[in-house]
Amino acid sequence: MSARASRTGRSLFLLAPLLLFLAGFFVWPLFSMMSQAVSDTAVLRLLPQSAEVLAGWDRKSPPTPEMQTALIADLKAVEDTQALGDMVRRLNSARSGFRTLMSKTTSALSDEADPPADLVSIDKRWERPEFWLAIADALSPLTDRNLLAAVDLGRNADGEIEHLPADQSVNRVILVRTFWISALVTFACIAIGYPYAIIAASLSGWKRDVMLAAVLLPLWTSLLVRTAAWFILLQEQGLINDVLQMLGLTSGPVQLIFNRTGVVIAMTHVLLPFMVLPIYSVLITIPKNLMPAAASLGAHPLRAFLRVLLPLSLRGVAAGSLLVFISAIGYYITPALIGGPGDQMISSIIAFYAIGSANWGMAGALGVVLLAATLVLYSVYARLSADEPGRR
Amino acid sequence: MRRRRSFLLPGGEKVAEGRMRGPALCPTARAREPLLAEFIRFDRITKFYGPLCVVENLDLGIGKGEFVSLLGPSGSGKTTLLMMLAGFEQPTSGTILVDGQAVNDVPTHKRDMGVVFQSYALFPHMTVGENIAFPLEMRGLGKAEIADRVTRALDMVQLSAMRERRPAQLSGGQQQRVALARALVFEPRVVLMDEPLGALDKQLREQMQLDIRDLHRRLGLTIVFVTHDQSEALTMSDRVAVFNKGKIEQIGTPRQVYDEPATRFVAEFIGETNLIEGVVARISGGEAAVRLASGAEIVSAVSGGVAEGATVYLSVRPERIELAEARNAAHNCLETEVTDSVYQGDHLRVELAAGSHPLIAKLGRRSREFEPGTKVFAAFSAGDCRVIAPPDGQRQAAAS
């Protein structure tokens, strides 16, 4: 028993670097990203006294003097103007009018010469429970606002979930576009990668090595370099357009860049190895004599393919499609450089929220949506592959 | 191990109890004359793989209903010939005729030949029943007829209970029988077998040999059977073609290739033999007197192609040698000394030295024991001995 325990201990010791790495650079960032999406402390952080008092409020009656005193004390204690801005933005998004109310209130409170007696004396609106209700709701440390906004939903004044107005509804369009581009890329990878893998698996020796090296080459090159190369190839005076015109296939240059076509071409190239390699690895395990056997039994090559090779290699196609699709929905650089404004994918929006507007909540929420989509896809794949016929 | 009953004959009544193994014991039924009507013809077939010649200018005819084994060591071209007949490979030159029609340009799926592969080649994603139904579906048969014929084929190989299983759930022998049923169910005009029993254990292999032989006789199938196992070829075939380096060394009934080997390769490849080198002293009336290096003279049966003065080999099968204490005038007699004696159950194997030349004798189990060092005479008749002419190149070398 102790021998086994010591063996387990040794195994854990050897695994420790991996486990620590995973915990530090995978689990924790993932967790913090997801918690960013649902955490909402912009108001609570600044109004700790109000939070205590508001906890005892019945949410209907007009504000009590204690509540007003607590809020005044909290607001006076605020020194970080940026945090204050965050809080005002947060409150204003829940209840419009907060921005003017707050700026009026804070400027009145900072007036040392004539300190106001209470909030209602600054602005009559402080008498109304709606504003206090907005504060009370915003005090909760958890929120579903970001997650709902990620799929163009929001809560109305009554707390019911409803569609956001059209001018705020871009995420869903971009999500659909992301899945559509990913699906196109996946189909293109199947169309190119499946025959390619069949040919590679049927060869031997240096020919097979060359074919595999050709498909692996993109993996060994920097993503940025590959994308830049496509930039050169696809532009109006680029190699592809020159060749097309030289062959007389087109009279003028074809628009291949800054549109959907270019994005799909470049992404297909980059993701092709993830399709070819799983299919190839399944194909080489299929006994070589099955196709000759089918032919000897009277099957035309096409029927032999449909009845024997295709069903046996479908597992590889499914695995490859999953890899390509999941990688594709997270693509950022390629659509950003090769695509036009109508080709930006969800990662660009995440990057905009994270880097551009420092809205970590929205960035996290969109990330959660992406992760959820991936997990759903993976579970579908796992379910399908478990029923795979011919599995041993 | 319990002997499995024949899968072809429910009662197993046709399978004789005393099993014929050695070709020496082979019944005369085996010597049935081949080539009833020529069905398959290989006409000057040559096959190159790059610079490597695997089949060289080969001619071979196979009769309808005949069981022909292609026997030879690996790399001798026998499997390549089978693959060309099946249409998996194209001959570099030459014509393959089936039923009078050249099939060189006919694709495999139109050749109507059942192929049994060494590794079975069953479709792993289909059940046993679906595997056997496959050739029938390809021929567009109706559902009811397919089901009926699959049932009969499964009965034939006694695997009816396995219909819904997948190949991976069967034993090697069962998989082999499924492959056999699949190759026979569409009643092909030729059945090609590429070392189909190679992966089975000895007992099962011998049972399958008899089963396939019975199947051949009952259904009148034309079978081309590739093997490197000489006893398998002798057991099953009407005729055996012995392959070496892309050529046929000899073709004949099992009795012919065993008793009358045409070349040294055939003599050594099929069964065990004693090869004794000597010079032909005289030839008269189908017999040749061959003088050995020791000065002794041996009288042997001879066929054409040997001239007086030529250096030849004499082939004597070990089981044809008798050991006697006194010289017997009617036989060839060599004075020998026993060097070793091994009891092997069904026979006694005695190793002898005739001067410096080693000899092997296999004696019946009733023979007495021989102590090493005993002086004995190795006796054999002229008819038990064959003169094998050396190949052309060697003959010239011997003459110079």
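For the reader, a short list of remarks on this structure follows.
- Mean residue ellipticity (222 nm) of chain A, computed from DSSP H runs ≥ 4 via -39,500 (n - 2.57), nearest 500: -21000 deg cm²/dmol
- Those aspartates and glutamates that a straight Cα-Cα span of less than 13 Å connects to residue B:143, excepting residues fewer than 8 apart in one chain: B:130
- Remark on the protein assembly as shown: Rg and Dmax equal 43.6, 151 Å (Cα only).
- Normalised Debye scattering of the range A:283-355 at q = 0.12 Å⁻¹ gives log10 I(q)/I(0) of -0.56, counting only Cα atoms as equal scatterers and leaving out solvent.
- The range B:293-357 and the range A:261-296 have Cα centres separated by 64 Å.
- Ellipsoid semi-axes for the range A:111-184, based on the Cα gyration tensor and the rule √(5λ), read 41, 13, 11 Å when sorted largest first.
- Each distinct pair of alpha carbons in the range A:48-141 adds a 1/r term; the inverse of their mean, the Kirkwood radius, is 13.4 Å.
- Short to long, the 10 Å bins of the Cα pair-distance histogram for the range A:204-249 hold 24, 29, 32, 15, 0 percent of all pairs.
- Within 10 Å of the Cβ of each residue in B:132-142, the mean number of Cβ atoms contributed by other protein chains is 3.
- The per residue volume of the convex hull around the alpha-carbon atoms of the range B:272-399 is 108 Å³.
- Residue pairs, from the table A:207/B:247; A:288/B:78; B:64/B:110; B:202/B:245; A:288/B:247, whose Cα atoms sit over 25 Å apart: A:207/B:247; B:202/B:245; A:288/B:247
- In chain A the longest region clear of GluC sites (Glu not before Pro) that are loop-assigned by DSSP and have at most 10 other C-beta atoms within 10 Å covers A:161-392.
- For the range A:13-29, 3J(HN,Hα) computed residue by residue from phi via the Karplus equation (6.51, -1.76, 1.60; θ = phi - 60°) reads 4, 5, 7, 3, x, 5, 5, 5, 4, 4, 5, x, 10, 10, 5, 5, x Hz, glycine and proline entered as x.
- Ordering A:256, A:337 by the number of other Cβ atoms within 10 Å of each residue's own Cβ, fewest first, gives A:337, A:256.
- Near residue A:295, once Lys and Arg are set to +1 and Asp and Glu to -1 for all other residues with Cβ below 13 Å from its Cβ, the sum equals +3.
- Stokes-Einstein translational diffusion, the range B:23-259 - Kirkwood Rh over all Cα pairs, 0.890 mPa s, 25 °C, in µm²/s: 134 µm²/s
- Computed Rg/Rh of the range B:325-392, alpha carbon atoms with Kirkwood Rh: 1.01
- Coarse-grained scattering of chain A at q = 0.09, 0.11, 0.14 Å⁻¹, given as base-10 log I(q)/I(0) from a Debye sum over alpha-carbon atoms: -0.78, -0.97, -1.23
- Euclidean distance of C-alpha centroids, the range B:83-156 and the range A:319-392, integer Å: 47 Å
- Fewest-first ranking of B:79, B:339, using other Cβ atoms within 10 Å as the exposure measure: B:339, B:79
- Reach of residue A:76 by Cα under 30 Å, taken over lysines that are not fewer than 8 positions away in the same chain: A:60, A:104, A:124
- GluC sites (Glu not before Pro) restricted to the range B:134-194 and DSSP loop, no more than 16 other C-beta within 10 Å: B:164
- Per-residue average of Cβ from other chains inside 10 Å of B:162-173: 1
- Solution diffusion estimate, µm²/s, Stokes-Einstein, chain B, Kirkwood Rh from C-alpha pairs, 4 °C, viscosity 1.567 mPa s: 55 µm²/s
- Computed helical MRE - 222 nm, chain B, DSSP H runs ≥ 4 contributing -39500 (n - 2.57), nearest 500: -7000 deg cm²/dmol
Computed from the coordinates by the stated procedures, all read-outs in this text should not be read as laboratory data. What you see is a predicted model; the values in this text were computed from it and never measured. Neighbour counts are summed over all protein chains in view; Cβ atoms, including those assigned to glycine, are modelled from backbone coordinates with ideal geometry.
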